[in-house]
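Nothing in this text is a laboratory measurement; each read-out follows from the coordinates by a stated rule. The structure presented is a predicted model; accordingly, all values stated were derived computationally and were not measured. Because the Cβ atoms are built from the backbone with ideal geometry, glycine has one as well, and the counts that use them run over all protein chains shown.
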Ligand SMILES: *Cc1c(COP(=O)(O)O)cnc(C)c1O
C-alpha cells in the first residue's frame, strides 16, 4: 500500500469559491490613514484603565461565558430591549456571516442593492448562498420599484440594507425601511455600522415593535463609533428566534472573555463616544465644504466618510498623489457603479487639513 497522501495533489478549493478574492484594503504605513472608516481617536483612558483592571480578574484557564450574559444584558439595556434580542459576534461581519449560515445556503438567496457594502455579497457567496443584486438610482438612493421587482422575482430569504450606506454615505429613512419590510418575503437586515452618525436608526422600529419589526435585524459594531476596531465586536438586535438561529451556527465560546469585558466596559462611556461622534460630524461638514470648493463631485454623508469623484483628473492618479503626500484614502473607482470615485474617512482636524491640502494640490 502506498504511503498515505504520497503522490497526491492538494485538493482545489470549493469550485464556487475559486472566482472570489479576499477582502482588500491597503494596510500601508502612512501618516494620515483615512481609508477604513475607523475612529481616529483611541477609546477613553478611563476605559483602558478599567479594562486593564478587569483583565486581572479573568480566569484565563476557563472557557468564557458562552452566552456572554453580562455583555448582552448591557447592550440590551442600552437599547431598551430584552437580552434575548441580542446576539454578539467577532465584529459585525461575523454577525452577518452567522445570519447567512443560519438562513442562507444552497437554493436560497439574499438581496443587496448596489453600490453597497461589498462584504454582504461576499459573505453570502462564502456561505454558498445565492446573491441577487438590484441597482440604486444615479443618486445612490433606493428605488422602491426596483426593490419590489428584485424581491418579487427572487424571493430572497434575507434583504440587506446598509444605513448609512457604505461607501455612498446616506442613511435610509424609517419610511423607506418600513416600505422594504412590507415588500420583503423574509428578514430585512439593516447594517448600521455607522448608525450613531445618522439622524435616525431602525432600532427605533425594534424598540417600539413597529409593523414588520419581528422580521427586522439591526446590526451594529464597536469598530467605528466606539473606537474599538481592534477588539472585533459587533451585535444584532432582532426577534429572539433570530438570535437563537445565530446561536445555532456560532462556534462554542466564540466570544473570548477579554472581548466580553471590553464591550461591557465600553458601554459605560457612552457620553465620551457621543462627544467623539459630534466632533467627527463637525469635521465631516468641514470636509464637505472643502470639497465644494474643488473640482470634484461629492455626495452628502450621514456617516464618518465622504464619497467623491474628481472631475478634472482620473481618480487613480488622485489616489496616488494623495499617497505620495502620505494620505491614504479608499480607491473605489473600479467598484461597480462607482467609476472614478474615492472615499475619505473623516479623521482628526489636522488629518482632514492634510487631506484637503493634498487634494487641492493634486487637482490644482
Ligand atoms: C465597517 C463596516 C462594518 C464593520 O465590520 P466589523 O466586522 O464590525 O468591523 C460592517 N458593515 C459596514 C457597512 C461597514 O462599513
(request) Looking at the range 100-243, send over the antiparallel percent of its DSSP beta bridges, to the nearest 5. (result) 20 percent
(message) Given axes a ≥ b ≥ c from the Cα gyration tensor, I'd like to know whether the range 101-154 is rounded (a/c under 1.5), prolate (a/b larger than b/c) or oblate.
(response) oblate
(message) If you take every DSSP beta bridge fully contained in the chain, what fraction is antiparallel? Give it as a percent rounded to 5.
(response) 45 percent
(request) For the range 170-196 and the range 309-364, write down the distance between their C-alpha centroids in whole Å. (result) 30 Å
(request) Report the residue, chosen from 90, 61, 166, that carries the largest GNM mean-square fluctuation when the chain is represented by alpha-carbon nodes joined by springs under 10 Å. (result) 61
(message) Which of the three applies to the chain, rounded, prolate or oblate, going by the alpha-carbon gyration tensor with a ≥ b ≥ c and a/c under 1.5 meaning rounded?
(response) rounded
(request) With an 8 Å cut-off on Cα pairs and a minimum separation of 6 or more residues, tell me the relative contact order of the range 38-127 in percent. (result) 17 percent
(request) Arrange the following residues from fewest to most other Cβ atoms within 10 Å of their Cβ: 319, 335, 226, 299. (result) 335, 299, 319, 226
(request) Give the relative contact order (percent, whole number) for the range 61-268; include only Cα pairs under 8 Å separated by 6+ residues. (result) 28 percent
(request) Provide 143, 107 in ascending order of the number of other Cβ atoms located within 10 Å of each residue's Cβ, fewest first. (result) 107, 143
(message) For 293, 65, which order do you get if you count the other beta carbons within 10 Å of each Cβ and list the fewest first?
(response) 293, 65
(request) Determine the relative contact order of the chain: mean sequence separation of Cα pairs under 8 Å and six or more apart, normalised by residue count, in whole percent. (result) 22 percent
(request) With a ≥ b ≥ c taken as the square roots of the eigenvalues of the C-alpha gyration tensor of the range 157-311, please select rounded if a/c is under 1.5 and otherwise prolate if a/b is larger than b/c or oblate if it is not? (result) oblate
